[in-house]
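This report refers to the structure that appears directly beneath it.
Read-outs throughout are calculated quantities, based only on the coordinates presented, and are distinct from any laboratory measurement. All figures in this text were calculated on a predicted structure; none of them were measured in a lab. Glycine also receives a Cβ, built like all others from the backbone with ideal geometry; neighbour counts cover every protein chain displayed.
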Amino acid sequence: MQESGEMYLETILILAHRKDPVRSIDVAEEMKFSKPSVSRAVARLKRDGYLSVSDAGHITLTEKGQAIAEKIYERHVVLTQVLTNLGIDEETAAADACKIEHDISDKSFEAMKRFVKPEK
């Protein structure tokens, strides 16, 4: 999956925790993208089995989409925490984490996760 698809899934996950139901307009506003861009992305993600859209336009993640969204969100949270622990301000840390979360290897991420939450 491409980075843009991961970003959409992560945004839908975050919005679903804030409000129910999630609609394309909510995603567009959150991501600051045009409604047509979001509609194309949602159609592609639906076609590929990552989300479903009700007749009323309510978006829900499928099991497959939920798993990816949770993985990316966890990476964002942990990476932000690692960067803030290094003394980087919260805003910069969150922005940088957003860039890193899609490219970091599982091995490096797991090491960072242990750094933030040491094994007992």
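Residue count for the range 29-58 satisfying the condition of being farther than 18 Å from GLN2 by Cα and touching a Ser or Thr at 6+ places or on another chain (Cβ under 7 Å): 4. Exactly one residue out of LEU15, LEU45 is more than 11 Å from the chain's Cα centre (by Cα), more than 11 Å from ALA69 (Cα to Cα) and outside any loop (DSSP other than H, G, I, E, B), and it is LEU45. Residues of the range 89-99 that are surrounded by fewer than 18 Cβ atoms within 10 Å (Cβ to Cβ) and in contact with a helix residue (DSSP H, G or I) (Cβ under 7 Å, 6 or more places away or on another chain): GLU90, ALA94, ASP96, CYS98. Residues that are in a loop (DSSP other than H, G, I, E, B) and of a type outside the set (Phe, Trp, Tyr) within the range 49-67 comprise GLY49, SER54, ASP55, ALA56, GLY57, HIS58, THR62, listed in sequence order. Residues that are of a type in the set (S, T, N, Q) and closer than 26 Å to ALA97 by Cβ occur in the range 33-54; there is at least one. Restricting to the range 44-88, and then to whatever is more than 30 Å from PHE115 (Cα to Cα) and hydroxyl-bearing (Ser, Thr, Tyr), can you tell me which residue is surrounded by the most Cβ atoms within 10 Å (Cβ to Cβ)? For the range 44-88, the residue satisfying everything is TYR50. Among the residues of the range 60-103, those identified as of a type in the set (D, E, K, R) and under 12 Å from the mean Cα position of the chain (by Cα) are GLU70, LYS71, GLU74, ARG75, LYS99, GLU101.
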